Structures are given as structure tokens and as C-alpha cells.
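The structure under discussion appears below in the form of C-alpha cells.
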Amino acid sequence: MSERLHATQIDLPEEIRVSVIRLLNQSLATALDLKTQVKQAHWNVKGPQFFALHELFDDMAGELDGFVDDLAERVTALGGTAMGTARMAAAGSTLPEYPTDIQDGLDHVKALVERYAPFAKHVRATIAETDALGDADTADLYTGISRAVDKRLWLLEAHLQAPR
């Protein structure tokens with residue numbers, strides 16, 4: 001990320017904005033990657049739970065789209081440049097690549113759990129980091145994302161916890 005910031009009247013010191021922008025762009029990359037991985041599951045799911053999982057995965061991708069937009073807009077509000085192309089996301093994401101050799105619905109659910117859990121952990125860590133930097137607004141943004149991601153993780157895990 002370029003250290004050059006755009007002018008803003010937001011009263012956070014520049015060094016804090018630079019630090020927060022770095023965190024936001026890391027989250028943006030990971031959220032974009034997660035969204036495309038959820039769409040990968042959405043397009044390729046097969047099996048008796050196809051329709052329900054196909055719809056669930058589409059809802060999840062839509063929700064992630066909202067987070068992506070919120071994260072990118074917060075970057076620009078703070079005077080930064082949102083780093084949101086597919087190549088930027090691939091280079092900056094902390095998630096493992098999505099497996100392409102699975103089709104079964106529960107295998108897709110498991111793969112998504114394995115990606116949502118580290119994203120949830122990352123989001124929770126950034127709440128504390130942005131709060132410690134004195135940016136309560138960004139911490140609040142992350143808190144909202146955290147609640148939603150934890151709920152999605154719960155919904156996914158419930159599929160795997162059912163007795164067979």
C-alpha cells in the first residue's frame with residue numbers, strides 16, 4: 001500500500017490512519033478471497049442437500065459482498081486506497097486455496113468452516129487492534145462483521161454436528 005493518503009477532515013492522526021488502513025486492506029483481501037471461495041462452493045455443490053446448500057452459499061457470498069464494500073469504503077474514508085482487485089486479494093489473503101476436487105455438500109461445508117474460522121479469528125483480532133489504535137469506528141465495523149461471521153460459522157458447523 002502506498003503511504004500517501006488523500007486529504008480528510010477525519011481527526012485521527014495520519015500514523016494511526018496508515019496502520020488502520022493496512023489492517024483494513026488485509027481484511028479486504030481476505031474477505032474478497034472468502035467470497036470467491038464461497039461462490040466456488042455455491043457453483044459446484046452436489047448431493048441430496050444441493051438446493052439448501054446452494055441457496056445458503058449464495059446468501060453467504062452476498063453477505064460477504066457487503067463486508068467487502070464496508071471495508072473498502074472505510075479505507076477510502078480514512079484517506080487510503082482500497083486494494084480490491086482479484087489479484088490483490090489473492091496476493092494478500094491469509095486463507096488456504098479452496099479445494100477443487102470436492103462435490104459433496106458436506107465436504108463443501110467442511111471446507112468453508114476451515115476458511116470461516118480463521119477469518120473470524122482475524123476479524124476478532126482486528127477489533128482489539130483498531131480499538132487500541134483509538135479508532136472506535138473501525139473497531140465497531142469489525143464488531144459487526146465478527147457477529148455475522150460467527151453466526152455463519154455456527155450455521156455451517158451445525159451441518160457437521162448432526163448425527164448421521
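Laboratory data are not the source of any read-out in this text; all were calculated from the coordinates shown. Everything quoted here is computed from the prediction, not taken from an experiment. We place every Cβ from the backbone using ideal geometry, glycine too, and count neighbours over all the protein chains shown.
Principal semi-axes of the equivalent ellipsoid, √(5λ) from the alpha carbon gyration tensor of the range 14-159, are 29, 15, 11 Å from largest down. Dividing the summed helix terms, -39500 (n - 2.57) for each DSSP H run of n ≥ 4, by the number of residues in the chain produces a 222 nm estimate of -26000 deg cm²/dmol to the nearest 500. Think of each Lys and Arg Cβ as +1 and each Asp and Glu Cβ as -1; about the Cα centre, that makes the dipole of the range 14-159 roughly 240 debye. Projecting the Cα atoms of L24, H108, T130 onto the dipole axis of the chain, where Lys and Arg carry +1 and Asp and Glu carry -1 at the beta carbon, places H108 farthest toward the positive end. Multiplying the residue separation of T100 and E55 by 0.36 nm and removing their Cα-Cα distance gives an extension gain of 14.2 nm.
Test of understanding: what is the full-extension gain from W43 to L155, defined as 0.36 nm times their sequence separation minus their Cα-Cα distance?
Computed gain between W43 and L155 is 38.4 nm.
Across I145, I102, I127, mean-square fluctuation computed from a Gaussian network of the chain (C-alpha pairs under 10 Å connected) peaks at I102.
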